[in-house]
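To start, the structure under review is shown below, and the notes come after it.
The values are calculated or read from the model by the stated rules, or taken from the named source; none is laboratory data. Predicted, not measured: the structure shown is a model, and the values here were computed from it. Using ideal geometry, Cβ is built from the backbone for each residue, glycine included, and neighbour counts are taken over all protein chains shown. Heavy atoms of the whole protein, side chains included, go into the accessibility calculation; ligands, DNA and RNA do not. Shrake-Rupley method; radii C 1.70, N 1.55, O 1.52, S 1.80 Å.
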Amino acid sequence: MTALEIDYKALFAVHPSPSLVLGPDLVIVAANRAYCRVIGRPREELVGQYFFDALPGNPADPDRGAAQKRTAASLHRVLASGQSDIITLQKYDIPVVQTPDRFEERWWSVFHIPVPGPDGKVALIIHRVEDMTEFVQPHHADHDRPGRSGRVEDMKAELYARAQESRRLTEELHEAHARERQVAVALQEAMLQSPDLAQHQDVAVRYLPAVASLDICGDWFDVVDLPGNRFTVAVGDVVGHDLAAAAVMGMLRSALSAASRSNPGPARALEVLGMYAHSVEGALAATAVQVLIDIDMRMLVYSTAGHPPPVLLHADGSSELLDQAADPPLGVWPENVPRSQVALTYKRGDALVLYTDGLIERRGEDIDVGLARLTAVLAACAGLNAEHFADAALGRLGVSGSSRDDITLVVATL
């Protein structure tokens, strides 16, 4: 039998591990026989019901509310991260068969496993449980059987203690992650403010941290207004997805913003930034690109420090890579080595696209393949306004929801 001929629905039905399948709204869409058997409920009473309505727990149990909150938090972590989540041990009583007003004590290990849809987002969650009651209750019904040794009971007690400690540590880790995420979001909002961007309705920015990272990354963008109806657009990338990378990103971004206001052109601004990178731990090998847009002259001036080339898309869908001023990443050269820059004209209706490498790079694929894919997608976006252009490009590239790497995209319609 080939993989295409396997009846996965029948396989799930007879799988020995008690399991449910939940939708993203936490409504039960499937229950296997093992699950129905272990809780003493027919499938018809479960499917189509909201998870916590179908399995309300013991109303007389003072720990029921905490158990429900713990389970809900685990499910929502899976939906948000796309990663599996485990509740090592928790008490959740079930009704006695044929006596629904009575409950019996049960202890469970709970596994929540995401099933991604075609768009990469969580489409389903597998809720799998293992009944650990026998290992938890020190006075189980068979405790007094002949030959029952105290060693077995000691083992149960130790397993229970270890499971409780594991659960406590897991909850502390989740709480620490939540606090770190709050710090990351605040840091992101503070460091990525670009006051001049608000003055440019023809510039759109999309900032997407990698899957399973904090909501901040080493990518950055900036727009700086200059005298004479000119402004600069810049994008940069620091290695890493954590708070340390974000801190370096913030320092480099601020330094480039200041250098852009006091130096004649992108090459000199990036030269100053490269000198500054030598004094910032974690900044070496960061990349950046800056383009100066002169509206009156309809001219672009650009310089690149180890970064993927911007794309100038013409109104007819043709494009050119701005790759003629490509120098090494920041901090690689000795200080005071001049960087190159190139100037070219543009026409009304053109669009300038800057991005970070997460938009084009794929594991095991040559960079030229990624660039060819990008320019083909951009050609289909010609003529759109900046906001629609950015959304359409991400959607066509299949990264609008999530990616393995950080992605920053800046689109300026000219």
Item to complete: Keeping all protein chains in place, calculate the accessible area per residue for the range 4-86 (probe 1.4 angstrom), answer in Å².
Response: 55 Å²
Worksheet item: Amide H to amide H under 5 Å from MET299: which residues, 5+ apart in sequence or cross-chain, H placed 1.01 Å off N in plane?
Response: ASP294, TYR346
Worksheet item: Can you work out the FRET efficiency for the pair ASP296 and TYR50, with r the C-beta to C-beta distance and R0 = 56 Å, to the nearest 0.05?
Response: 0.40
Worksheet item: So what does log10 I(q)/I(0) come out to for the range 295-396 at q = 0.12, 0.15, 0.22 Å⁻¹, using the Debye formula with one equal point on every Cα and no solvent?
Response: -0.45, -0.69, -1.23
Fill in: Where labels lie 7 Å past Cα in the beta-carbon direction, separation of LEU11 and GLN193 in nm
5.4 nm
Worksheet item: Ordered by residue, what ³J(HN,Hα) values in Hz, to whole numbers, does the range 254-271 give under the Karplus form 6.51 cos²θ - 1.76 cosθ + 1.60, where θ = phi - 60° and Gly and Pro are x?
Response: 5, 5, 5, 4, 5, 5, 5, 7, 10, 10, x, x, x, 4, 5, 4, 6, 5
Worksheet entry | Charge dipole (debye, nearest 20) of the range 34-89; +1 at Cβ of Lys and Arg, -1 at Cβ of Asp and Glu | 100 debye
Fill in: Cα centroid separation - the range 338-414 against the range 4-81, whole Å
42 Å
Practice prompt. Please report, in Å, the Rg and the Dmax of the range 340-397, where both are computed over Cα atoms only.
Written response: 12.9, 38
Worksheet item: Hey, got the dipole for the range 314-414? About the Cα centre, +1 on K and R Cβ, -1 on D and E Cβ, debye to the nearest 20?
Response: 240 debye
Response to the item:
Sequence order, the range 329-341: Karplus ³J(HN,Hα) from phi using 6.51 cos²θ - 1.76 cosθ + 1.60, θ = phi - 60°, Hz rounded, Gly and Pro as x, gives x, 5, x, 6, 7, x, 5, 6, 8, x, 9, 8, 8
Item to complete: Please give the contour-minus-distance gain from ASP61 to ASN385: 0.36 nm per residue of separation, less the Cα-Cα distance, rounded to one decimal in nm.
Response: 110.8 nm
Worksheet entry | Inter-label distance, nm, simple model (7 Å from Cα along the C-beta direction), THR345/ARG362 | 3.8 nm
Discussion item. For a quick size check, give me the Cα extents of the range 252-315 along its three principal axes, largest first, whole Å.
Written reply: 42, 25, 15
Worksheet item: Rounded to the nearest 20 Debye, what is the dipole magnitude of the range 221-366 about its Cα centre when Lys and Arg each give +1 and Asp and Glu each give -1 at the C-beta?
Response: 380 debye
Worksheet entry | Derived scalar couplings ³J(HN,Hα) [the range 105-115; Karplus, 6.51 cos²θ - 1.76 cosθ + 1.60; whole Hz; x for Gly, Pro] | 5, 9, 10, 9, 9, 10, 10, 10, 10, x, 10
